[in-house]
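Have a look at the structure below before the remarks.
Any read-out appearing in this document is the output of simple, stated calculations on the displayed coordinates, not a laboratory observation. Computed from a prediction, not measured in an experiment: that's the story for all the values here. So basically every Cβ, Gly included, is an ideal-geometry build from the backbone, and we count neighbours across all protein chains shown.
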Amino acid sequence: MNKQSTTVSQRLAAVFFCASVCVSFAGSVVAGGDPEAGKVASAVCSACHGADGNSTIPTNPKLAGQYESYLVHALKAYRSGERNNAIMSGFAANLTDQQIADLAAYFSSQESNLQTVIPK
Ligand code: HEC
């Protein structure tokens, strides 16, 4: 009886332990990007894309205000080679999923200076 109940509580403890690990693991996978961490990581990107993602160089796309999901998709595509660009492949190659999420959160939260031409 006593031995039996110990076994049951041990099993329950194992189940709860596993459940909490699984929940925290899932939490870290679905966690959104941290724009503050992205700002720090964006230092290397700023020479080409501008400090806030408003590139002033026509050959380097503006990232400010871009859809977050688009930035994540683009960076993962460069990283995997699905999108091939000699410059960006190198910069994306060693980014982790979390760094990509952080960078996307930062640039997407910046105000874009893109504008449409309004006819006079
Ligand atoms: C040496 C210049 C340079 C640096 C540094 C650089 N990029 Fe780029 N980036 C480019 C160029 C050029 C392109 C356009 C490539 C193409 O045609 O696919 C680009 C494209 C992109 C795109 C796709 C934009 C779009 O509209 O499709 C994203 C996202 C991006 N860069 C993010 C970053 C991030 C994040 C960093 C820093 C980790 C970074 N870049 C560093 C030059 C640079």
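Across segment 61-91, what is the number of residues that are assigned to a helix (DSSP H, G or I) and more than 8 Å from the ligand (Cβ to nearest atom)? It would help to see each step written out before you state the result.
In the first step, residues of segment 61-91 are kept if they are assigned to a helix (DSSP H, G or I); the result is 68-80, 86-91.
Okay, now just the ones that are also more than 8 Å from the ligand (Cβ to nearest atom), so 68-69, 72-73, 76-77, 79-80, 86, 89-90.
Result for segment 61-91: 11.
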Self-check item: Where a residue in segment 56-80 is without any contact (Cβ under 8 Å) to a residue 40 or more places away in the chain and its partner, wherever it lies, is part of a helix (DSSP H, G or I) and hydroxyl-bearing (Ser, Thr, Tyr), with Cβ under 8 Å and at least six apart
Solution: Leu71/Ser108; Tyr78/Ser89; Arg79/Ser89
Exercise. For residues that are in a loop (DSSP other than H, G, I, E, B) and more than 16 Å from Ser109 (Cα to Cα), scanning just segment 31-60, find the one that is farthest from the ligand (Cβ to nearest atom).
Key: Ala31
Quiz item: Does Asn113 fit the bill of being away from the ligand (no atom under 11 Å from the Cβ), over 23 Å from Gly32 (Cβ atoms) and surrounded by 11 or more Cβ atoms within 10 Å (Cβ to Cβ)?
Solution: yes
